[in-house]
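A short reminder: the numbers here are calculations on the coordinates, not readings from a lab. Remember, it's a predicted structure, so these values are computed and weren't measured experimentally. Positions of Cβ are backbone-derived with ideal geometry, glycine not excepted, and every protein chain shown enters the neighbour counts.
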Amino acid sequence: MEIPYTSQPRPDTGIYNAKVGIWLFLASEVMLFGALFSSYILLRVGSAEGYWPHGLLNIPIGTFNTAVLITSSVTVVLSWASLKMGNFGRYKIYQAITILCALGFLGIKSYEYREKFSHYEVWLKKEVTVKHGDKEIKTDRLLGHIEHQGHHAFFWNTKTLAGAPEEKDKDGKVIKAAVLPIESFKLLPDPFHYAMTSKEMAHAKAEAAGKPHEEIEIKSSDVKRLSAFVPGHSTYFAVYFTLTALHALHVLGGAIVIFYIWGPGAKMWKTDPERYINRVEVSGLFWHFVDLVWIFLFPVLYLL
């Protein structure tokens, strides 16, 4: 039994079945990401002043990843146009670039995730003085890399290792006290803090560029809380990881589909070229949506 309207347009909609399906699917995707973006806006607007983290993401890396995805959108269009002109070889080249861009995006994002797990924020029980160029700032919150005995320390479970508040049962008995496994550690502080404005932050980073970081030794007994930039760090990073990880899964899924059509599924070009072109177009529509989502994610999470 032959499925109708796989190559030719339907008389009622004017487009073939797969295109109807992908637009309906993308409508559901818009609702999914729309709900997540709305949640982010409400959480940020409702956050107390000075408590919403900013300046903690790597903007140059995010900018480069944006350029990678935009490039992939261009190559998707060029690959489809090549097929419409009957040039299968050029299609293969352009779509190979698309797949490489997708893998490059995921590789860069995994590097960025790894970077988050090696940066920490320390909440102290009392204020300390930190120098940023000619300025001295008193603060009870520090950001930076943690080192212990010459090695980077990784405290994965921020709840049990981070000096977080003690857990108590309904009778008030302590169930678990959060303690650090070492007496002290050294922090290589980053040259910015939440208390700074964006301009002050940029100036502090410029001043610190190329200069050795001054280590700060912190006693475990002075730590109120310690956390890497993981989802448990704050609402901001919970939203960041939710949105970017979901988007990365869409990138991976789209890349797998494009690869299948480009590789094993390319046999259809000889048996039913029009249907094959339609498959490429449908996968391209999904890819454009994935790119569009990132174009919204980048300024919202990285720049604002």
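Separation of the range 45-86 from the range 270-300 is 15 Å, based on Cα centroids.
Spin-label model, L78 to K219: label points 7 Å out along the Cα-to-beta-carbon direction sit 6.3 nm apart.
For a protection proxy built on the mean count of beta-carbon atoms within 10 angstrom, sort 235-246, 91-102, 107-118 highest first, please. Present the calculation step by step, with values, prior to reporting the outcome.
Details: 235-246: 17.7, 91-102: 20.1, 107-118: 13.8.
Highest-to-lowest ranking by the protection proxy: 91-102, 235-246, 107-118.
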